[in-house]
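Have a look at the structure below, then the notes.
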Amino acid sequence: MAEPRWLDDSEQQAWRAFIAAQRVVNGRIEQQLQRDAGMPHTYYEILVRLSDATDGRLRMSELAVATLGSRSRLSHAVNRLEQVGWVRREGIESDRRGQVAIITEAGRQKLKETAPGHVETVRAAVFDALSEEQVAQLHDICATLARHSEDTSDSPALEQR
């Protein structure tokens with residue numbers, strides 16, 4: 001077995017800063033969405049993806065890839081979104097096993113009500129602390145990491161938003 005490629009001091013500091021930033025930002029976003037909208041970030045992301053899609057609909061398999069989730073986890077989330085009336089599902093005539101998720105008018109309204117607080121939290125947690133140059137660097141770094149992760153694993157990379 002090969003010797004591990006240990007992190008040097010600089011890499012270790014960068015890794016720990018990345019983990020800390022990720023936890024703080026994700027925590028603030030989760031807290032705001034739960035408090036203001038009664039939903040986790042995953043549900044918000046599903047509503048956004050459906051809202052952005054043609055006719056507000058996506059195949060469940062496409063939605064799983066877009067949200068970087070497993071099909072079973074996505075199915076559970078869509079079940080919950082159906083229960084509150086924000087999403088509905090339909091079968092696909094040409095594919096007996098396939099289904100599409102469709103955002104409802106109530107889901108669009110919930111997204112419209114939730115988006116201002118969400119974007120303010122994202123701005124406060126991330127972008128207010130960065131210069132324009134750092135925003136560009138953040139994009140480049142994250143896009144590189146997503147592409148690299150896609151190249152070296154079975155999980156899909158983050159899509160550009």
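Side notes on the structure shown:
- Hits in segment 105-120 (condition: in contact (Cβ under 8 Å) with a residue 12 or more places away in the chain, surrounded by fewer than 18 Cβ atoms within 10 Å (Cβ to Cβ), over 21 Å from N26 (Cβ atoms) and not aliphatic (A, V, I, L, M)): R108, E113
- Test result for M60, within 18 Å of E105 (Cα to Cα) and of a type in the set (A, V, I, L, M, F, W, C): no
- Residue in segment 49-56 that is within 12 Å of the chain's Cα centre (by Cα) and closer than 17 Å to A125 by Cα present: no
- Residue match in segment 133-156 (condition: at pLDDT 95 or above and of a type in the set (G, A, S)): yes
- Helices (runs of 4 or more DSSP H) within segment 1-102 that include 1 or more residues at pLDDT 95 or above and surrounded by 13 or more Cβ atoms within 10 Å (Cβ to Cβ): 9-37, 41-52, 71-83
The values are calculated or read from the model by the stated rules, or taken from the named source; none is laboratory data. From a predicted model like this one, the values you see are computed outputs, not experimental measurements. When we count neighbours, we look across all protein chains shown, and the Cβ atoms used for this are built from the backbone with ideal geometry, even at glycine.
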